[in-house]
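What follows is one structure encoded as structure tokens, with my remarks underneath.
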Amino acid sequence: MLARGRVRVGLLATTGALVIALAPVPDVAAAPTWLPGGVVAPAVTSGEVGAVDQDAAGNAVAVSTQSASGDAQVVAATRPSGGPWGAPVPLSVAGAAAVHPQVVLEGDGRATAVWFRATGPASYGLQVSRLSVGGAWSAPVELPGATTSAAEAALVLRPGGTAVVAWPRVVAGLWVMSAAIRTTSGAWGAPVDLSPGSTVMPGRPRLGVDGAGVTTAVWAGSDGVRWSVQTASTPLTGTWSPPVTLSGTDQDAVDPDLAVAGNGTTVAVWSRWNGADRWVAQSSTRPAQQTGWIGPVDLSAPDVSAGEVGLATNGYGSRFVATWTATPASAPSVVQAALLDGGTWRAATTLSDGAATSSHPAVVVANGSPATVTWLASGGAGHVVQGATLALAATTFGPALDLSTPDRDAGPPRLAMDRGGDVLVLWGESGPSTFQPRYAAYDVAGPALRTFRRAGHAVAGHPATYQATAVDAWSTVSTYSWTFGDGSSATGPSTTHAYAEPGRYTVRFRVTDAVGNTTVRVSRTKVVEAPAITAFALAKRRVTLSEKVRIRLTLSVAAKVKLVLRSKNRHRVHGVLHRQKLVVKRDLDAGPSTVVLKASRLLADTWVVTATARTLGVDSEPVKKQLVVVPG
């Protein structure tokens, strides 16, 4: 999910099948590790990092602009979970400047990107492209309405594969905040204006979606005199509500952000002028299942001026984390964060070094409640990307770490997180005459199981098969190990094991990545004794064709019994002489059973009756009796 208040909501399902593909995230043992940074795309003359996203499985996509000469062009690079970044693919058509790309992954191999492309002097249009399951981006589609290069768009997915984009555009000579919805057919509907017309362009749209598909938008709008934070919502099927003002109207409020939890809890944050000498970070909350907003409340301390306010939450809404840049009266700016737990905001804490000017914070929150914040800090040749993490259930962030190298100037970081909590950080680095997108990863999750096959039942003394395949989003898979509950163990992704005695055994599978993050899957195997026919007899060893044949047998365990009756002599059937054979199969319980056949299905002759029992692919020793069938 992007660090722009957007929450991806997914449905988790469990299965009892023997083969489990892309199963829900199992128990893990975490060894969180920042991995060394790498290159997303080759260096170019100039460019701009736009956005990055990860889906639940850890597949990633990054969009940026790049220019070797002439106007900048939007490009996208994709990375499969556990694989390398692919070569960047152009999305916008060359020949006109393209700026401010955004992107979301849709979880099934598709992705959607939006950006602004010049359409004339000081005029830009919003364009959209979609990555298909096969891996090709569609030709750009331009949505109606003109805007400028200063415009910003917000993009979010909704349940069912639909999407919403919001952006400022000019309608009838006035600025409005508009939104368009992509339907399940893939077509974009006509834009809907969310705000009344104004002579001033509205700014910083943000979108969020809850588990029911309700989409909420926030933005900063101006009536020509005062800026305020406004919001509107729409259900999955329905129309947008009229705009509501969240901030106080006595002073300017700008730069909103938004986070929406799966249960519908929604929080907005922004910066508000205090009327004298500083900006104040504020928030307002719309509780789950409600339409009204509570607040605003102040988040930042009165001795700092707060800007660049951001917000994120996890899918459950158990924790919201707000960040901002705080500037004291006579000191460099620092990055601060505040936690909303159980409906109460904790006091803000400072994450960055107070001796270095810091800015551009970005934040994501994992479902378990760990959080990651990144920012830019001055140092070296220009700026360094730094990060700090909040451990599971903790209330204090760890120390700041350098993610980029100090010998190059880094740009503002962008964040994305997968379902397991792995974090991807994207930024651009500039040298004397080059620009290059780079990344770092915070590896938190153990490998994801792609398939898991275990023997739910086995036969004592006979091998059962256990198999698993796993991939780790950012590290190599290091070890596979199995324990079988009887004191035995094995290593490797595939193994067999034979239990000596019947019983119920707990099987524990463990797969670990190169930095120590572990995924554990626990299952059960029921072991039964090998099938045996302990008693076998014919009620009558001599019968007439008009009688019934009764075959009595006793089984040690429930099994599928196969009875084969073969004639001693050859008989002519359709002009061909051959021995006759009758095969009968029955599923029988453990203990004594009787199988009844009509003797008329046989010919008058001496027959050999052979019985075998099969359980879980294991056959018993055969037993035999002789039957005589006579006319009559």
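The values are calculated or read from the model by the stated rules, or taken from the named source; none is laboratory data. Given the structure is predicted, the values throughout are model-derived calculations rather than measurements. Glycine gets a Cβ as well: all are built from the backbone with ideal geometry, and neighbour counts include every protein chain shown.
A few points about this structure:
- Enumeration of residues in segment 100-148 that are closer than 22 Å to TRP427 by Cα and either of a type in the set (A, V, I, L, M, F, W, C) or more than 32 Å from the chain's Cα centre (by Cα) (or both): VAL103, VAL104, LEU105, ALA111, ALA113, VAL114, TRP115, PHE116
- Any chance LEU538 is surrounded by 15 or more Cβ atoms within 10 Å (Cβ to Cβ), within 57 Å of the chain's Cα centre (by Cα) and in contact (Cβ under 8 Å) with a residue 12 or more places away in the chain: no
- When residues in segment 58-78 are screened for being buried (at least 21 other Cβ atoms within 10 Å of the Cβ), farther than 26 Å from THR119 by Cβ and at pLDDT below 95, 1 of them pass.
- Pairs where the first residue, in segment 589-607, is closer than 12 Å to THR544 by Cβ and the second is of a type in the set (A, V, I, L, M) and surrounded by 14 or more Cβ atoms within 10 Å (Cβ to Cβ), C-beta under 6 Å, 6+ apart: ALA599/VAL543; ALA599/LEU545; ALA599/VAL549; ALA599/VAL629; SER600/LEU545; LEU602/VAL629; ALA604/VAL629
- Of the candidates ALA473, ALA460, ALA440, the single residue that is within 30 Å of GLY47 (Cβ to Cβ) and either of a type outside the set (Gly, Ala, Ser) or touching an Asp or Glu at 6+ places or on another chain (Cβ under 6 Å) (or both) is ALA473.
- Per the conditions (1) under 30 Å from the mean Cα position of the chain (by Cα); (2) modelled with pLDDT of 95 or more; (3) aliphatic (A, V, I, L, M); (4) crowded, with 22+ Cβ neighbours inside 10 Å, the sole criterion not satisfied by VAL527 is (1).
- Among the residues making up segment 39-52, those that are assigned to a strand (DSSP E or B), among the small types (Gly, Ala, Ser) and modelled with pLDDT under 95 are SER46, GLY47.
- The residue that is surrounded by the most Cβ atoms within 10 Å (Cβ to Cβ), counting only those in segment 493-524 that are without any contact (Cβ under 8 Å) to a residue 60 or more places away in the chain and polar (S, T, N, Q), is THR495.
- Within segment 403-417, considering residues that are over 25 Å from ASN314 (Cα atoms) and outside any loop (DSSP other than H, G, I, E, B), the one nearest to the chain's Cα centre (by Cα): ALA410
- Of note, PRO302 satisfies the criterion of being over 28 Å from ALA212 (Cβ atoms) and either out of contact with any strand residue (DSSP E or B) (no Cβ under 7 Å at 6 or more places or on another chain) or buried (at least 22 other Cβ atoms within 10 Å of the Cβ) (or both).
- If the condition is being in contact (Cβ under 8 Å) with a residue 60 or more places away in the chain and either in contact with a helix residue (DSSP H, G or I) (Cβ under 8 Å, 6 or more places away or on another chain) or under 30 Å from ARG79 (Cβ atoms) (or both), then segment 448-475 contributes ALA448, LEU449, ARG450, THR451, PHE452, ARG453, VAL471, ASP472, ALA473, TRP474, SER475.
- Test: VAL527 is within 30 Å of ARG450 (Cβ to Cβ), in a strand (DSSP E or B) and not acidic (Asp, Glu): yes
- Matching residues in segment 418-443 - criterion: being over 30 Å from GLY315 (Cα atoms) and not in a strand (DSSP E or B): GLY431, PRO432, SER433, THR434
- Against the numbered list (1) over 57 Å from the mean Cα position of the chain (by Cα); (2) closer than 20 Å to PHE536 by Cβ, ASN569 comes up short only at (2).
- Criterion: at pLDDT below 90, surrounded by fewer than 23 Cβ atoms within 10 Å (Cβ to Cβ) and at positive phi - qualifying residue of LEU22, LEU12: LEU22
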